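A.B. asks: My questions all concern the structure below.
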There are 2 protein chains.
Amino acid sequence: MRSQSSYGAELEQLEESRNRFISELSNHVHLYGITPSVGRLYGTMFFSDGPMTLDDMSEALGMSKTSMSTGIRALLDANMVERAWEKGIRKDLYQADEDWYKSFTNVFINRWRNATELNRSAIEETKEMLNDLYARVEHPEIIGKIQCDLGKLSDAQAYYEWLDEVISLFETGEIFDIVPKKKGSRKHKM
Amino acid sequence: MRSQSSYGAELEQLEESRNRFISELSNHVHLYGITPSVGRLYGTMFFSDGPMTLDDMSEALGMSKTSMSTGIRALLDANMVERAWEKGIRKDLYQADEDWYKSFTNVFINRWRNATELNRSAIEETKEMLNDLYARVEHPEIIGKIQCDLGKLSDAQAYYEWLDEVISLFETGEIFDIVPKKKGSRKHKM
DNA sequence: TATTCTGTACAGTTTTTACTGAACAAACTT
DNA sequence: AAGTTTGTTCAGTAAAAACTGTACAGAATA
């Protein structure tokens, strides 16, 4: 005769499975500039049946509400969670954005776009400085070094121009013409 | 009458320009999983006239030789620097790989490929666990949750499959057919 | 207006990471 | 083989980041 398993025990096993995935996820979200703890927060919300309050999260993760607050802000900035509303609930509600394509490529685009822009203008500036210097300098050895540096910077510049275009591919969604989205086996999108 | 500027003064100005760029670079190499200090080390080698020894680096950056040793190892692992040989020099020599396309896409590919693989197998495992659980569980509520989780994981899985193909684009070099390399204005490649 | 509830700022603490110097091992020189 | 030179290991320290609890401000309730 089969033993009846308790609701609590079953739930616990479900939690264990979820945690299995959340742990792995949180180990690798640093690629998107997110710390493991915040990744864990995201994972928890991802599996949550509905929107969560800060207190829900605090309890689920066993961490302070302060941490939840700052963590949520990071996830909001990254557009990985969104605010939710439910009538009669005074507390702020949040839920994970379920569209991974959107969430994760967005984060990727913003971070790389930003860094690339800054690097490009740093190259521009440095080249200007070197050109100025080139006009003022008298020692042949230094002139040679300047020319060499300018060449190296041009190479770097070329790379960043290329990278810029690659990022645009994601920004415009053109990438999805090249590598089409895969369909999840889910019945219907929420 | 024009005042003669000293060699030292000119060199110092050159260093200043270089540092301008190196600082910006080191602020953003974290996208490639490299710490600012190691980024600064890379930048220093990038501008160096020739290969450098650990002692050269140590002096140039004002840091311990131990740090240079570990830093170089990180850069070697990332394939961003290579060993160099010069006859008569007993110390190990290193130089920055000048091909930014190669250096940086490689780092990118390795990091993302690795993370994606691990995440994918975590999803697989978690789905298996959930399917097992599905067979054993008795409470309808739990069954509903499991189905919901499986759906979410399938969505995530679809995303990772897509990401995998995107990474392959870079791995195979196919990306360069889509976004062609830009040429630097350098006279001749080394 | 007073009272309660909710999220955040801030200061202090713990944990983690980065860095250093001394000691060591391996390779080279004599 | 003895003596240098060179890179790395390791233990300890300094710096940075993550996390917490208290205190507070603003909004909702009464």
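The values are calculated or read from the model by the stated rules, or taken from the named source; none is laboratory data. Computed from a prediction, not measured in an experiment: that's the story for all the values here. Note that each Cβ is placed from the backbone with ideal geometry, even for glycine, and that neighbours are counted across all protein chains shown. Note: areas computed on protein heavy atoms with side chains; ligands, DNA, RNA excluded. Shrake-Rupley method; radii C 1.70, N 1.55, O 1.52, S 1.80 Å.
A.B. asks: With an 8 Å Cα cut-off and a minimum separation of 6 or more residues, compute the relative contact order for chain A in percent.
C.D. replies: It comes to 14 percent, rounded to a whole number.
A.B. asks: What nm distances, shortest first, do you get from the label point of residue A:176 to those in the other copies when the point sits 7 angstrom along Cα to Cβ?
C.D. replies: 3.0
A.B. asks: Give me a comma-separated list of calculated 3J(HN,Hα) values for the range A:65-73, in order, Karplus coefficients 6.51, -1.76, 1.60 applied at θ = phi - 60°, integers in Hz, x for any Gly or Pro.
C.D. replies: 5, 4, 4, 4, 4, 5, x, 4, 4
A.B. asks: A follow-up question, please. Once the label point is placed 7 Å from Cα along Cβ, list for residue B:141 the distances to the corresponding points in the other copies, in nm, shortest first.
C.D. replies: Inter-copy label distances (nm, one decimal, shortest first): 8.0.
A.B. asks: Taking every alpha carbon pair in the range B:101-178, what does the distance histogram look like in 10 angstrom bins from 0, in percent?
C.D. replies: Going from the shortest bin to the longest, the percentages are 17, 36, 22, 15, 8, 1.
A.B. asks: Right, next: What residues have an amide H closer than 5 Å to that of residue B:93, excluding those fewer than 5 places away on the same chain, when H is modeled at 1.01 Å from N in the peptide plane?
C.D. replies: Placed amide hydrogens put B:84 under 5 Å from residue B:93.
A.B. asks: If you don't mind, another one. Put +1 on the Cβ of each Lys and Arg and -1 on the Cβ of each Asp and Glu in chain A; which of A:30, A:179, A:81 then has its Cα farthest toward the positive end of the dipole?
C.D. replies: The one lying farthest along the dipole's positive direction is A:81.
A.B. asks: Could I ask something else about it? Under the convention of a label 7 Å out along Cα→Cβ, give the distances in nm from residue B:66 to the same position in every other copy, shortest first.
C.D. replies: Counterpart label points of residue B:66 in the remaining copies fall at 3.3 nm.
A.B. asks: Taking the Cα centre of the protein assembly as shown as origin, sum charge times position over the Cβ atoms of Lys and Arg (+1) and Asp and Glu (-1), and report the length of that vector in debye to the nearest 20. Numbers along the way, then the final one.
C.D. replies: Working: 48 positive and 62 negative charges, 11 e Å.
Around 60 debye, computed over the protein assembly as shown.
A.B. asks: To continue, here is another question. Where does chain A land at 222 nm, in deg cm²/dmol rounded to the nearest 500, when only DSSP H runs of n ≥ 4 count, each adding -39500 (n - 2.57), divided by all residues?
C.D. replies: Numbers: 7 runs with 128 residues, N = 190.
Computed ellipticity for chain A at 222 nm equals -23000 deg cm²/dmol.
A.B. asks: Rounded to whole angstrom, how close does the nearest chain A beta-carbon get to the axis mapping A onto B, and which residue is it?
C.D. replies: Measuring from each Cβ to the axis, the minimum is at A:178, 3.
A.B. asks: How charged is the neighbourhood of residue B:56? Take every other residue with its Cβ under 13 Å from the Cβ of residue B:56, and add Lys/Arg as +1 and Asp/Glu as -1.
C.D. replies: Values: positive: B:65, B:91; negative: B:49, B:55, B:59, B:86, B:92.
For residues surrounding residue B:56, the net value is -3.
A.B. asks: Treat every Asp and Glu Cβ in chain B as -1 and every Lys and Arg Cβ as +1, leave all other atoms uncharged, and give the resulting dipole magnitude about the Cα centre to the nearest 20 debye.
C.D. replies: 840 debye
A.B. asks: Pick out, from A:154, A:7, A:72, the residue whose Cα sits farthest towards the positive end of the charge dipole of chain A, with +1 on the Cβ of Lys and Arg and -1 on the Cβ of Asp and Glu.
C.D. replies: Of the candidates, A:7 comes out farthest on the positive side.
A.B. asks: How high is the relative contact order of the range B:101-178, given as a whole-number percent (alpha carbon pairs under 8 Å, six or more residues apart)?
C.D. replies: Dividing the mean separation by the residue count of the range B:101-178 yields 47 percent.
A.B. asks: Each residue of the range B:6-16 in order: what ³J(HN,Hα) in whole Hz does its phi give by Karplus 6.51 cos²θ - 1.76 cosθ + 1.60, θ = phi - 60°, with x for Gly and Pro?
C.D. replies: Each residue's phi maps through the Karplus curve to give 6, 4, x, 5, 5, 4, 5, 5, 4, 4, 4 Hz.
A.B. asks: Quick one: pull the percent of accessible area on the range A:1-44 belonging to carbon and sulfur, 1.4 Å probe, ligands and nucleic acids left out.
C.D. replies: Numbers: 1160 of 2240 Å².
Ligands and nucleic acids excluded, carbon and sulfur reach 52 percent.
A.B. asks: Follow-up question, since we're still on this one. Which trypsin sites (Lys or Arg not before Pro) in the range B:25-103 pass both tests, a DSSP loop state and at most 10 other beta-carbon atoms within 10 Å?
C.D. replies: B:87, B:90
A.B. asks: Here is a further query. So how much slack lies between residue A:138 and residue A:7, counting 0.36 nm per residue of separation and subtracting their Cα-Cα distance, in nm?
C.D. replies: Extra length available between residue A:138 and residue A:7 comes to 38.8 nm.
A.B. asks: Let me ask you something else. Running a GNM on chain A with Cα contacts under 10 Å, which residue among A:13, A:95, A:157 ends up with the highest mean-square fluctuation?
C.D. replies: In this elastic network of chain A, the residue with the biggest mean-square fluctuation among A:13, A:95, A:157 is A:13.
A.B. asks: Next up: Go ahead and set up a Gaussian network model of chain B, Cα springs under 10 Å, then flag whichever of B:72, B:123, B:178 fluctuates most.
C.D. replies: Judging by the Gaussian network model, the answer is B:178.
A.B. asks: May I pose another question? Quick check on the range A:9-98: what does the Kirkwood estimate of hydrodynamic radius come out to from the alpha carbon pairs, in Å?
C.D. replies: One decimal place: 13.3 Å for the Kirkwood radius.
A.B. asks: Using Cα-Cα distances under 8 Å and only pairs 6 or more residues apart, what relative contact order does the range B:8-98 have, in percent?
C.D. replies: 24 percent
A.B. asks: Could you pull out every one of the lysines with an alpha carbon less than 29 Å from that of residue A:152, ignoring same-chain neighbours closer than 8 positions?
C.D. replies: A:127, B:65, B:87, B:91, B:102, B:181, B:182, B:183, B:187, B:189
A.B. asks: Express the accessible area of the range A:101-178 per residue in Å², computed with a 1.4 Å probe while the remaining protein chains stay in the model.
C.D. replies: 41 Å²
A.B. asks: Further, regarding this structure: Given a Förster distance of 25 Å, report the FRET efficiency between residue B:86 and residue A:147 from their Cβ-Cβ distance, rounded to the nearest 0.05.
C.D. replies: Efficiency at R0 = 25 Å is approximately 0.65.
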